[in-house]
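Notes follow once the structure below has been shown.
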Amino acid sequence: MSMWIRVVPAAAGALTLAAVLTGCNGSGGSVTDNGGSSSAPAPVKDKTSYRLGEPSPPQEGMTTTADSRYTVTPTKVQMGTEADVENSGLDTTQLPGPRVPVYVWSTLTHKSGKTAVKVDEMDNNLVIRTDRGDRTKALFVLMGDATWPNCPAPDSEKELSAGESAEICTAFLITRGEKAAAVELTQGYSGEPLEWPLKG
């Protein structure tokens, strides 16, 4: 089974990072966990900083799904280990230095619109910001098979219609020695990124 690896040029002055799109139930040390609350509060207009479990404001779909709106709700973040990478099946010679995974669980919800939206479109703008200011930005590069502890691959082509939700986990590879500081959701050139800061 082939997995798509999202390798990303970092922001100015930051290191290059890699992100692996996958589904997971977790491993490694926990960064933070709100318990996966199912009754998240409604988003506040013009707000850009959220707690884990709070949904983003409705996001617009791409050109082919422009009539649809969806929300992204990061619910849990957990650090993985170097062993996770070593046992993942990734060709680590293609990675720019030693990496460790960060697992981010999110709930994707199609809020409105007639056009179904794919899971990978909804989570495509998720970013991990580290304590050193490094960020990811998704580009797809095929790097072979990849598996993560207790992490079945998600159906990224699955389409959600209005009212439907999907829970996924995205595994980001960050530089060894760095820590995840926030989950971010980019909103293109016209909007300020949204962030879910992490404690400890």
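The values are calculated or read from the model by the stated rules, or taken from the named source; none is laboratory data. Owing to the predicted nature of the structure, the values given are computational and were not obtained by experimental measurement. Counting neighbours? That spans all protein chains shown, and the Cβs are built from the backbone with ideal geometry, glycine included. Calculation scope for accessible area: heavy atoms of the full protein, side chains included, ligands and nucleic acids excluded. Shrake-Rupley method; radii C 1.70, N 1.55, O 1.52, S 1.80 Å.
Does the stretch 53-119 come out rounded, prolate or oblate by the C-alpha gyration tensor, with a ≥ b ≥ c the root eigenvalues, rounded set by a/c under 1.5 and, if not, prolate when a/b is larger than b/c and oblate if not?
Here the stretch 53-119 falls in the prolate category.
Multiplying each eigenvalue of the alpha-carbon gyration tensor of the stretch 68-192 by 5 and taking the square root yields semi-axes of 26, 17, 13 Å, largest first, rounded to whole angstroms. Quick one: pull the percent of accessible area on the stretch 69-115 belonging to carbon and sulfur, 1.4 Å probe, ligands and nucleic acids left out. Of all accessible area on the stretch 69-115, carbon and sulfur atoms account for 46 percent. Among 160-169, 48-57, sorting by the average number of other beta carbon atoms lying within 10 angstrom of each residue, highest first, gives 48-57, 160-169. Which links in 47/76; 47/179; 47/114; 47/199; 114/199 stretch past 29 Å when you go from one Cα to the other? Violating the 29 Å limit, Cα to Cα: 114/199.
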